[in-house]
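To start, the structure itself, in structure tokens.
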Amino acid sequence: CSTKQIETRLTPLGATAIEDMLQDHVKDTVAVLASDASRKFFLDCGIKCWLVTGDQLHTALHISENCSLLSPDHPEQVFYVNGTTREDVFQQIAAFHDRVQQEGSFSPPSSPSDASSLTVVVSGYALTLCMSEEASPSTPPPEQFFADAVQCKSAICYRITPKQKVLAVRRRHF
């Protein structure tokens, strides 16, 4: 017996929503960590802030803005790797690599690259392909994607499964 057979001719009597609030002090803590002074300190130490969540893109971006990981005033500093096909994702990975290389070439060797002002936003599907050994010949290898990503100010990974989190950590990419 399927729900299509049972749930027929129903009239909704009401609806409810629950706001999934950030835990206490998360917003303030991440905002301090993302401030210019702290950011320089963390960049100098090689520490990056990544948001890895199972939430949808809109929610992940909203959380990132609330925590000052992402500035809505600078959409040009956000690079999306979120294609819906393998070809789209591999093209975005290659374009992301080119952008990081291009922006990094404008800075002196002793300073953080201009790529450190970028935020990369990666979907769960794209992350799966980024970790895949079956990349296209024109796409940088998976290790290069993560090397490029850690040069960025931050990374926002959304629609990430618990298994993807484990695989990424085991590969020591995060």
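May I ask you to order 122-132, 74-84, 58-68 by the average number of other C-beta atoms within 10 Å around their residues, highest value first? Provide the component values of the computation, followed by the final result.
On the way: 122-132: 21.5, 74-84: 15.4, 58-68: 17.5.
For the peptides 122-132, 74-84, 58-68, the packing ranking is 122-132, 58-68, 74-84.
For region 61-74, backbone phi angles converted through the Karplus equation (6.51, -1.76, 1.60; θ = phi - 60°) give residue-by-residue couplings of 5, 4, 4, 4, 5, 4, 9, 6, 7, 9, 9, x, 7, 10 Hz, Gly and Pro being listed as x. Between the amide H of V52 and those of C157, distances stay under 5 Å, these residues lying 5 or more places away or on another chain, with hydrogens modeled in the peptide plane.
Shown in residue order for region 153-161 are the 3J(HN,Hα) couplings computed by the Karplus curve 6.51 cos²θ - 1.76 cosθ + 1.60 at θ = phi - 60°: 4, 7, 9, 10, 10, 10, 6, 8, 8 Hz (x for Gly and Pro). Between amide H atoms placed 1.01 Å from N, distances below 5 Å from Y80 occur with V121, all of them 5 or more places distant or on a separate chain.
Bear in mind these aren't lab numbers, they're just calculated from the coordinates by the rules spelled out. Predicted model, so just to flag it, every value in this text is computed and none were measured. Neighbour counts are summed over all protein chains in view; Cβ atoms, including those assigned to glycine, are modelled from backbone coordinates with ideal geometry.
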